Each structure stands twice: as structure tokens, then as C-alpha cells.
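Below: the structure, in C-alpha cells.
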Amino acid sequence: MRIEISGLTKTYRGGVAALDGLDLTVPTGMFGLLGANGAGKTTLMRILAGLVRPTSGQVTVGGHDMSTGAGRTAVQRGLGYLPQDLGVYPDLTARQFLDYVALLKGVDDRMARRRRVGELLEVVALTGDADRRLRGFSGGMRQRVGIAQALLADPRLLIVDEPTAGLDPQERIRFRTLLSQFAGQRTVLLSTHIVDDIAQTCRDVAVLARGRLAFRGTVDELTHRARGQVWSIVTDGPPPAEGTVVSALPHEGGTRYRVVAPAAPDPRARPVEPALEDGYLALTTR
Amino acid sequence: MTSQTARTLGASLRYEFRMQIRKRAVWIVPALTVALFLLIGGSLLRDLFDKGERPAEARTAVVGLAVQVLALLSIGYGCLLADRLIRDDRLRVAPVLDATPARPGARLVGKYLGTAAATAVPILAVYLGLAAVYAVHTGAPHALGWALATCAVVIAPGLLFVAALALTVPLIMPAPLFRVIFVGYWLWGNVAAPDMMPTLARTLIHPLGGYPLDALLDFHGIDGDDTWAGPVPSATLNFLRPDPTPTTAWLSITVLLVLAAAALAGGHAVRARRA
């Protein structure tokens, strides 16, 4: 499902502009969305899921116009959506919750629904807890239930907002792998603060800043933005005053700082190969 | 109604019923109310099983019982339903459900019917249970028929009306405030005498079902000398109090159901406008 967005604006009550004339095309496959808090990522995702109406602009998903009720419903028929800060009904079991969502997604055949729910519980490693009430689930377990509900009904468009928040490292890796395998001929829009999740799964990426498109290209191109701007410095003094400190690791004789700065922040600094996080910081902290 | 809409309604009804019926308060609140009723009054309940005191007709006994049960338990009923629609937002489940192709209107109606039915189960269990005991105790099986008829024309329309208000009004005010206002409304609308102050008692919009009690069930109080609907000399709002006849009784039921539908439509519109 190809997503085409042009001149998209969303202004909330009180005049807060979450999106400000956004133009973006999202092709089939995995697509990463990066941006600081308040950049407009969640609003964009909610518009694409049909939850929020834009103030102006055009959005088509798989050729369906999201400004019409029929268009939104057509998109929602093939949509899997995992919102940021997902909630569940605490008085249902995991299996019942998934069954309910599957019914609402139009999986009417009881046997097919049971089979699909069982498969997804297996995929998110919750088979053993399937008949426990969600009230007793940890945050990570609820997030896995959220992932399972998003994958019900075999969606052609999967929108996942901060999907790995609350997951332990193994779960994160397993979920990233699952997303990559799932993508294939589908569209997966992955929004996250965790740059590494994008680096490990996406070829294409967009960066939003203050409701506008700050970057659109490949992960390599974004990484390349930091070429010649990433420095390593070992010092026992204070961190470099110039640039953005990416990391600070204890090191023999002081601390090793990784810094993104347009020029060497210190005579002792030596250039290093950039990573995606450096590219993102080079772009957004200019 | 399309088949997809019907399936959405059915799924929502089924799961909302299941969630609500498991809620402890749904059972505890009516149980405490009944206990309180027995402690502070409940004279009718005692009289029903006293040969010398009970009404001569089984119809009068079970319909009178319905009036007392409905008047008391509806307060808790409205309060218990006040969080059911807004809780989808509070629990942060709404985005997941709203992102499905299921029609929001069908989901709302399913939630309404499911939660209303589940919350009514203890009330109906209390009422029909007492009516059954009465029928056995007095050897009057037709009392159960009257009890079912009372459920159909008095209890069900009243509870459906209350449920619609309780589900949708908290969309525009905090649920605790709604509960306080609802208790006040219930006492004002059902207990206050129309010649004392403007009130909905004895009008077509009387959720205790004055018109069906009077004109369909021929109920005129335990002693047989009360009226439950119709104009009151020197009262305001008498334009809402036509003479009780079977036609006005059915009109009253229709008005309650139309108001319930209007409240749901309003709630649906409020939710849609927030998107």
C-alpha cells in the first residue's frame, strides 16, 4: 500500500500545529519514521489510521482518499495499528481480547479466528498466558498483546508507533525480525525514538521536525549526513563544549566521548565512521 | 443493517456484556441496596409473604414489587454504567478499536445493549427471583406472567432510558459529577410531588413507567387507590401529562426509547467530533 501525503496540516485546538504542510511518499516495504518528541510522528500515524482528521492537505493510502469515510474504512480493512501507549481491557484474557479485535476487524469465521489468534499468541510467546486476564500482565506482555492484535487479519498496512518500548532486548530483536519478515509486499511504517530499531530494519527513512519533513531518503543517506562530523575524544576533563555528545564511555585515562560537530571540537579529537544515530543528530541539531 | 454492522454489534454486545457481568460492583451494589431496603423498610416485601397483609391480587403484588425494586436499584444501575463509554479512552483501548473497520455506531449500540443487559441481570434476578418465590408461596403461577409483562413494559424501557443517559452524559461531564446529578435527578423525577415543584414524575418521560403501570398493568398502588400518571391539579408540566390510556402508555414507552436513541446519537456525535 503506497502512502502519498501532500500539504498535510493538523492544528489542534489552541492553535498547536502538529503537522505543518507535510509532503511525503511512503513506498511498499519497511519505512522508518524518526523525530523528536512533538515532531508530529504520532499525529501522522493517527491520521493514517483514520483516527484523526487533518486540518488540510491530502492523504491517499493504496489509492484510497483518507478524507472520505469510505476511504478510511477501506484502509482500515487492511490496517494493523499498534498505538503508542497501548491499552487493553484488564477484565479480558489475552485470547478474548484478540478474539474481540479480530471480530471487529471482520474475521468472522470462528475457526479461522481461533486459529489466527492461536498463531499470533505463539508468535509473541504468550501461549502459556493466553487465558490469563490482562490485568495481571506486565507492560512488556501487554505490548506483545498489542503487537499480536496489530497483526490480526493479515494487514497490508502496518502502522507501529514505538512498538519496542517496554520490551526487553531479546523481545526487541525478535519483534524487529518479525516486522522485517512481515513486510514483504506490505507497507510497514515504523515510528520510534530507538534509532537502532530503524537501522536494523528499514532501508527508507523520513525525519520529521516541528511538523515538517526534515529528511527523506535511505538509512545510508541519513548516516552519510554525519560523515566528517563524528569525533572521538578521550579526556579526563569536562566533555567538549562544541557539538552534541552521543555517548560517554569510561576509558583508561578518562572518558571517551563520541561527539557530532561540524568541526573537530578539540585538537585531540579524531574522526570516526558515522552511524545512523550520528546522521540523525547531525540533521536535527544543526 | 448490513451483515457486517450486525456482526460488529453482536461482537461488541457479547464482549461488553462479558466484561460488565464480571465486575464485582455490578453484584455488590444491588445486593447492598436490597439489604438496605430490607433493613430500613421493605414492608411490601415482608407483606408479600404475609397472608393477612399481602394484596389480594397477584398482579398488584408483583407489579408493586417491581415499582419498589426499580425505584431503588435504578440509582445504582445508572451509577454503575456511568464509566462504560468513557473507559475506552481512560484505558487507552479506544485507538485500537477505532482503527478497525467496524462502524463506531454499531460498536456503540453493542456496548450500550451489552452493558445495559449485564447491569440489569442482578436487578432482574432479584425481581424475578422474588416474584418466583411469591408465585410458589402463594400458589399463583400467573404472578410470573405478570412479572414478565412488567419487565417488558416498565422495567426494560426504564432501564434502557437510564442506560443511555448514563453511558453518554459522562462524555460531557466527569462521571462522578454525573452520578451525583443522576441521583438528584432520580429523586426529583420520581419522588417529588408534581404540585410541590416542577418534576417529571407522572409525565410521559417518567422512567418508572407511570403510564404503563396505570394504563397497561392497571396498577393503582398496593392499596388500589393511587394513580401513577396523568395531570395533577395546579402542577406545572401538565402538558406532558395526558390522561393515562393504553395509547398514551405506549406513547410513553416510545418517548423513553426515542430519548434513549437520541442520547446515543448525541454521544456518537460527540465522539466523532473529537476525532
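Values quoted throughout were computed directly from the atomic coordinates according to the rules given, and no laboratory measurement underlies them. Note that this is a predicted model, so its numbers are computed, not measured. Don't worry about glycine lacking a Cβ; one is built from the backbone with ideal geometry, like all the others, and counts go over all protein chains shown.
Below are the figures for this structure:
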| item | result |
| --- | --- |
| Where labels lie 7 Å past Cα in the beta-carbon direction, separation of residue A:181 and residue A:132 in nm | 2.4 |
| Residues B:18, A:116, B:90, sorted so that the one with the fewest Cβ neighbours within 10 Å comes first | B:90, B:18, A:116 |
| Share, in percent, of DSSP beta bridges within chain A that are antiparallel, nearest 5 | 65 |
| Rounded FRET efficiency, nearest 0.05, which uses the C-beta distance separating residue B:38 from residue B:234 and R0 of 41 Å | 0.65 |
| Gaussian network model of chain A, springs between alpha carbon atoms under 10 Å - residue of A:29, A:57, A:106 with greatest fluctuation | A:106 |
| Partner lysines for residue A:10 [C-alpha distance under 21 Å; skip if fewer than 8 residues away on the same chain] | A:41 |
| Longest to shortest principal axis, alpha-carbon extents of the range A:86-154, angstrom | 30, 20, 18 |
| Pairwise FRET efficiency - residue A:268 versus residue B:177, Cβ, R0 = 45 Å, nearest 0.05 | 0.10 |
| For chain B, built as a Gaussian network whose Cα springs stay under 10 Å, the top-fluctuating residue of B:97, B:217, B:171 | B:97 |
| Assigned charges on the beta-carbon of Lys, Arg, Asp, Glu; the range B:87-173 dipole about Cα centre (debye) | 200 |
| Extension gain from residue B:191 to residue B:218, taking 0.36 nm per residue of separation minus the Cα-Cα distance | 7.7 nm |
| Estimated [θ] at 222 nm from DSSP helical runs (n ≥ 4, -39500 (n - 2.57)) normalised by residues in chain A, nearest 500 | -9500 deg cm²/dmol |
